[in-house]
Amino acid sequence: MTSQVDPQPTPLALLLLGRGADASSELGVECPGALPPASDPDLVERAERAKAALGDRVYILGHHYQRDEVIAFADVTGDSFKLAQQAAAHPEAEYIVFCGVHFMAESADILTGDAQAVILPDLAAGCSMADMAAIEQVEQCWRDLEAAGVADVTIPITYMNSTAAIKAFTGRHGGSICTSSNAKVSLEWAFARGEKVLFMPDQHLGRNTAVRDLGMSLDDCVVYNPRRPNGGLTVEQLRDARMILWLGHCSVHGRFTAECVDEVRERVPGVSVIVHPECSYEVVEKADFVGSTERIIAMIDAAPAGSKWAVGTELNLVKRLAVRHPDKEIVYLDRTVCFCSTMNRIDLPHLVWTLENLVAGTVINRIEVDADTQEWARIALDRMLSLTA
Ligand code: SF4
């Protein structure tokens, strides 16, 4: 007897493969195009030639989690906060090629002029965390807060890793965007204006910042689950909480566990453990240091030769740090490797395809945010840019 197998991939599988077509999702959309084959031995030369031909007309931003082959062509590298600043600081560039993920390119489009085109080399480069908060869910959450009588004392603080629609919601409701670099100062800003914060979409960054940096207790925090009525919370819980954390997380940083920290301390005696605040509270508590991507880089750059580091963040960055500092022992915090799969979708063939099209006068994969969303998201993003750590 032969088994019946449905040969059609599911819509979710297509999205994960970057061949789906849900344009409202960060998870992945179709990215058609006549890409050069990855085996083409001239890819580096082609990228160099196209970039040289475009000159100052193009400015390439490279997030730290990008592949080496892409970072090699970046005019600037950084975390999402630094790259947002850099996009805003280059009004002369006709084309901003954003080697990162979709929400970052949206933010760059909001912060740059109308005449500038922001391009994401692979439209399937989304962010699973950003996908954990849909605008309809956030609006329902706000209605729940209104019904509980606490909306007018709640300030939304939204992590950069979110869709433009949620950034606009944040601007409309008097809140600010934050990044891992300025989460503490953003919360301080919010608590000077309200009694509660609705923190979206990364529960870990919200909890870590509130408890470790602002001295709140874990009991001050509740988690709002958008799939349950009233977020799975009672009205009393909403009224008592100071931090209302959205049920969202990063699938990469969520892999690190407290056991990983114990294991690496045994495996590498004398190691210092440094992790990103998107890791869980338990992991951050066990680590020696916690910091944004930029802080992790700065600390390891400044560390003495011979020092040992276990780093809990995305693997491309950790590998690059290890290569850059052969005099230091730098290991990945987890034994199993984990790249950010969506960041990795941008590779050299996509970059060559993007740049060569621009040379030929064709703008592909432009990311454009509609005017109303732009206006309100910009208010929230401008607050973020003014709230430096
Ligand atoms: S590392 Fe996590 S938060 Fe960053 S883009 Fe990837 S899934 Fe999103």
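The table below gives the values:
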| quantity | calculated |
| --- | --- |
| Candidate set: region 354-389, residues that are surrounded by fewer than 17 Cβ atoms within 10 Å (Cβ to Cβ) and assigned to a loop (DSSP other than H, G, I, E, B); chosen: the one modelled with the lowest pLDDT | 389 |
| Check on residue 299, away from the ligand (no atom under 16 Å from the Cβ), closer than 22 Å to residue 220 by Cα and not acidic (Asp, Glu) | no |
| Test: residue in region 373-389 that is among the aromatic types (Phe, Trp, Tyr) and out of contact with any Ser or Thr (no Cβ under 9 Å at 6 or more places or on another chain) | no |
| Test: residue in region 229-242 that is within 16 Å of the ligand (Cβ to nearest atom) and touching a residue at least 40 places away in the same chain (Cβ under 8 Å) | no |
| Candidate set from region 313-347 (those that are in a loop (DSSP other than H, G, I, E, B) and over 22 Å from the mean Cα position of the chain (by Cα)); member that is farthest from the ligand (Cβ to nearest atom) | 327 |
| Condition met for residue 351 (more than 16 Å from the ligand (Cβ to nearest atom), assigned to a helix (DSSP H, G or I), in contact with a Lys or Arg (Cβ under 8 Å, 6 or more places away or on another chain) and at pLDDT 95 or above) | no |
| Pick from region 259-298, criterion among the acidic types (Asp, Glu) and in a loop (DSSP other than H, G, I, E, B), ranking: surrounded by the fewest Cβ atoms within 10 Å (Cβ to Cβ) | 288 |
| Check on residue 177, aliphatic (A, V, I, L, M), within 27 Å of residue 101 (Cα to Cα), without any contact (Cβ under 8 Å) to a residue 60 or more places away in the chain and not assigned by TED's automatic domain parsing to the domain that holds residue 83 | no |
| Residue among 157, 135 that is more than 16 Å from the ligand (Cβ to nearest atom) and touching a Cys at 6+ places or on another chain (Cβ under 7 Å) | 157 |
| Selection within region 88-116 - of a type in the set (A, V, I, L, M, F, W, C) and assigned to a helix (DSSP H, G or I) | 88, 103, 104, 105, 108, 110, 111 |
| Qualifying positions in region 114-139 - of a type in the set (A, V, I, L, M, F, W, C) and touching a helix residue (DSSP H, G or I) at 6+ places or on another chain (Cβ under 7 Å) | 118, 119, 120, 124, 125, 127, 130, 133, 135, 138 |
| Flag if residue 142 is surrounded by fewer than 24 Cβ atoms within 10 Å (Cβ to Cβ), touching a residue at least 24 places away in the same chain (Cβ under 8 Å) and out of contact with any strand residue (DSSP E or B) (no Cβ under 7 Å at 6 or more places or on another chain) | yes |
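The values are calculated or read from the model by the stated rules, or taken from the named source; none is laboratory data. Everything numeric here is computed off the predicted structure, so don't read it as measured data. As a convention, Cβ positions derive from the backbone with ideal geometry for all residues, glycine included, and neighbour counts pool all protein chains shown.
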